[in-house]
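One structure below.
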Amino acid sequence: MRELFKDKEHLVRMAGLFGVGLLVFVVLRGVLIPADFGDLGHYRASALDDNSSVELRFAGRAACELCHDDVAAERAKSAHRSIACEACHGALAVHADNPEAVFPERPEATPLCVACHEANVTKPAWFPTVIPDEHSEGEACDECHMPHAPGFEEVGSDG
Amino acid sequence: MTVNRRQFVLASGKYLVMSAAASRAVGYVLAGSPERAPGYSAHDHWWAMAIDIDLCIGCGGCVRACKEENDVPLEPFFFRTWVERYHVPEGDIEHPMVDSPNGGYDGFPERYREGDGSKNFFVPKLCNHCAHSPCVQVCPVGATFESPDGVVLVDKDYCLGCRYCVQACPYGCRFIDPRTHSVDKCSLCYHRITKGLTTACCEVCPTGARTLGDLKDPSDPIHEFLRTNMVQVLKPQMATGAKVYYADLDGSVR
């Protein structure tokens, strides 16, 4: 037996090195891997909170219609009823949060209308389009159409 | 307790007009601050999107809204969602002409002629939020993952920027943000859907061509959409478990 462990020096060193290596690995792993890694899957569970705590820019039409119920009523039966306010007015969460502090500009109608209604071969056939130059002859679209209720039957005027 | 006029109108309006979810959403909006969603349980939802090709008018509103809501760089190489224009010469579905000037951000200047026998339509694209994502499988550090509610998300603090996932995505939906050198992609507006709001792109879509849906909610209109339309996902042969469902998708779309 003694014969067998006569030259044990190198074995002890190996075991020592291995032990230190293991210790370093365990400590590093503990330090580097976040505590919540693996709680839900192979990722940091708190990454879900990181993703859900981004600031809102679009308030959503429900918020606008709470305060602007007059505009909501004006639009309720119009051809534009399905369009959200912020599709035309732009992101206005800052205004909805604090209407006194942020007063939104009124958007210019014509470029908005043209972006959606200009004739284009690729647009589906059901969608009403116009060739702006021929249709309005340079006049602004809101000279004749009301942005919130663009059709004529629903306001009862002849344009 | 004293209640002023504005508070009274707000509170009563909320309960009269809106469902519970919508009034909760408005609560968040009016509170202003970016907050996590305490009442939200990820396990009760399974998010998907429904896209109706015949309703898309190519206005680009979704592209602009997405960039604004999610602070995506404005250069024309970075998109979380974009719109493609397809021009399919009659019968030749193997050789469609596809373009997407600035992702559709500025709309689509006319390029084709009426009556040349071609078929023309727009295809809005975004991350397909695959249930078995190739991009998640290749991430070496667990910085991208499928959330319990079926959204493929990025952990930007943890991302190394190694670009494996950019190459792995069969739909080309990922990019490296030049400011942070971390990968970025559609998060299905996770900060909105967890608060009862819809995504920015669906919010501004004027025709309802794209709508967010919760497959775990039996009353969600997406079930009706899936039942009553002929639907397809992109690249079904890749078996990615894509959850963006297209109605009336042409065979030429890839």
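The values are calculated or read from the model by the stated rules, or taken from the named source; none is laboratory data. Given the structure is predicted, the values throughout are model-derived calculations rather than measurements. Every residue, glycine as well, gets a Cβ built from its backbone with ideal geometry; the counts of neighbours run over all protein chains shown.
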Discussion item. Looking at B:136, B:83 in this structure, which one is closer than 30 Å to residue B:46 by Cβ, under 15 Å from the mean Cα position of the chain (by Cα) and outside any loop (DSSP other than H, G, I, E, B)?
Written reply: B:83
Item to complete: Please find, among B:235, B:156, B:125, B:216, the residue that is away from chain A (no Cβ under 11 Å) and touching a Ser or Thr at 6+ places or on another chain (Cβ under 7 Å).
Response: B:125
Discussion item. Checking the condition crowded, with 17+ Cβ neighbours inside 10 Å, modelled with pLDDT under 95 and more than 30 Å from residue B:191 (Cβ to Cβ), which residue from A:157, A:136 passes?
Written reply: A:136
Worksheet entry | residue A:131, sole failed condition from (1) under 25 Å from residue B:66 (Cα atoms); (2) free of Cβ contacts under 8 Å to residues at least 40 places away in the same chain | (1)
Item to complete: Just need a number here: residues in region B:177-210 that are more than 7 Å from every other protein chain (Cβ to nearest Cβ) and surrounded by fewer than 18 Cβ atoms within 10 Å (Cβ to Cβ).
Response: 5
Fill in: Test set (1) under 20 Å from residue B:209 (Cα atoms); (2) touching a strand residue (DSSP E or B) at 6+ places or on another chain (Cβ under 7 Å) - residue A:126 fails condition number
(2)
Worksheet, complete the sentence: residue A:103: passes all of (1) within 23 Å of the chain's Cα centre (by Cα); (2) within 10 Å of another protein chain (Cβ to nearest Cβ); (3) more than 21 Å from residue B:200 (Cβ to Cβ); (4) among the hydrophobic types (A, V, I, L, M, F, W, C) but (2)
Worksheet entry | Whichever residue in region B:138-153 is of a type outside the set (Gly, Ala, Ser) and more than 10 Å from chain A (Cβ to nearest Cβ) and, among such residues, is surrounded by the most Cβ atoms within 10 Å (Cβ to Cβ) | B:152
Worksheet item: Which one of these is under 26 Å from the mean Cα position of the chain (by Cα), in contact (Cβ under 8 Å) with a residue 12 or more places away in the chain and under 24 Å from residue A:145 (Cβ atoms): A:84, A:72, A:63, A:76?
Response: A:84
Worksheet item: Which residues, taken from region A:1-40, are within 47 Å of the chain's Cα centre (by Cα) and in a loop (DSSP other than H, G, I, E, B)?
Response: A:33, A:34, A:35, A:36, A:38, A:39, A:40
Item to complete: May I ask you to list the residues in region B:173-227 that are within 18 Å of residue B:123 (Cα to Cα), of a type outside the set (A, V, I, L, M) and in contact with a Phe, Trp or Tyr (Cβ under 7 Å, 6 or more places away or on another chain)?
Response: B:203
Worksheet item: Would you call residue B:57 in contact (Cβ under 8 Å) with a residue 40 or more places away in the chain and either within 17 Å of residue A:121 (Cβ to Cβ) or at the interface with chain A (Cβ under 9 Å from one of its Cβ atoms) (or both)?
Response: yes
Practice prompt. State which residue is nearest to residue B:86 (Cα to Cα) when the search covers only region A:125-152 and only residues that are of a type in the set (A, V, I, L, M, F, W, C) and part of a loop (DSSP other than H, G, I, E, B).
Written response: A:125
Discussion item. Cβ-Cβ distance below 9 Å, separation of 6 or more or different chains: which pairs start in region B:83-104 with a residue that is on the phi < 0 side of the Ramachandran plot and surrounded by 13 or more Cβ atoms within 10 Å (Cβ to Cβ) and end on one that is assigned to a helix (DSSP H, G or I) and not charged (D, E, K, R)?
Written reply: B:83/B:62; B:83/B:63; B:83/B:103; B:83/B:104; B:84/B:103; B:84/B:104; B:85/B:101; B:85/B:104
Worksheet item: Is it the case that residue B:120 is crowded, with 16+ Cβ neighbours inside 10 Å, within 20 Å of residue B:58 (Cα to Cα), touching a Pro at 6+ places or on another chain (Cβ under 6 Å) and within 14 Å of chain A (Cβ to nearest Cβ)?
Response: no
Worksheet item: residue B:240: among the hydroxyl-bearing types (Ser, Thr, Tyr), in contact (Cβ under 8 Å) with a residue 24 or more places away in the chain, in a loop (DSSP other than H, G, I, E, B) and buried (at least 20 other Cβ atoms within 10 Å of the Cβ), yes or no?
Response: yes
Item to complete: Give the residues of region A:28-40 that are within 8 Å of chain B (Cβ to nearest Cβ) and more than 13 Å from residue B:158 (Cβ to Cβ), sorted by residue number.
Response: A:40
